[in-house]
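Q: The structure that follows is given in the form of structure tokens.
Every read-out reported here was derived from the displayed coordinates using simple, explicitly stated rules and does not represent laboratory data. It should be emphasised that the depicted structure is a prediction, and the values quoted were computed from it without experimental measurement. Here the Cβ is made from the backbone with ideal geometry for all residues, glycine too, and neighbour counts use every protein chain on show.
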Amino acid sequence: MKILKKIGWLLLIVFVIAQFFGPQKNEGDLTSIKVFEADTNPPENVSVILKESCYDCHSDYTRYPWYSNITPVNYWMAEHVEDGKKHFNVSKWDAYSVKRKDHKIEELIEMVEDRSMPLESYTWAHSEAKLSDADIESVKEWAQNLRIKYSLIPKAE
């Protein structure tokens, strides 16, 4: 029993010390999202959906909840954000070619249609990010119109 008590205290000490360390936060500027919104011109309802369901993981600006300061949750969240930005980062939208923009919007439609985005692990803590059938239809309609716009622009390889 004494050994379990010592292990418990050791784990507690390690946990407390770990709270002083953490990954770098994704605290960029909200203006980087404005370039994406200016180019894609989402209607107000779609803009709200994007803000609530997408930007935290797919932009250079993340709204962090209180529990993101707890190790190891902060490392788990940082990995999710890093992975999300690797696949699609609206803050880098102006650096994408027209062809790549079109492809990213095509992927967005697919991910929203099959409900693989937003991630279930994200919607557990952010219930406002869950997409209703109406939300999905709104996003799809906007994105399909956006793809038409990009199809009319000559694409440089």
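Q: State the Cα centre-to-centre distance between the range 124-144 and the range 1-55 in whole Å.
A: Cα centroid to Cα centroid, the span is 21 Å.
Q: From the residues I153, S116, S132, which one has its Cα farthest along the dipole of the range 115-157 in the positive direction, the dipole being from +1 and -1 charges on Cβ of Lys/Arg and Asp/Glu about the Cα centre?
A: I153
Q: Shifting gears a bit: Compute the long axis of helix 98-113 from its Cα atoms, compare it with the longest principal axis of the Cα atoms of the chain, and write down the angle in degrees, 0 to 90, nearest 10.
A: 60 degrees
Q: State the extension gain, in nm to one decimal, for the chain segment bounded by V48 and H103, taking 0.36 nm per residue of separation less the distance between their alpha-carbons.
A: 17.6 nm
Q: Which lysines have a Cα lying under 24 Å from the Cα of K101, excluding residues fewer than 8 positions away in the same chain?
A: List returned: K34, K51, K85, K86, K92, K140, K149, K155.
Q: Could you point to the label whose value was computed as semi-axes √(5λ) of the Cα gyration tensor in Å for the structure here, given (i) 35, 25, 13; (ii) 26, 19, 15; (iii) 38, 17, 13?
A: (iii)
Q: Ignoring the sites themselves, what is the longest stretch of the chain with no chymotrypsin sites (Phe, Trp or Tyr not before Pro) in a DSSP loop and at most 13 other beta-carbon atoms within 10 Å?
A: By the stated rule (loop sites, at most 13 other Cβ atoms within 10 Å), 22-157.
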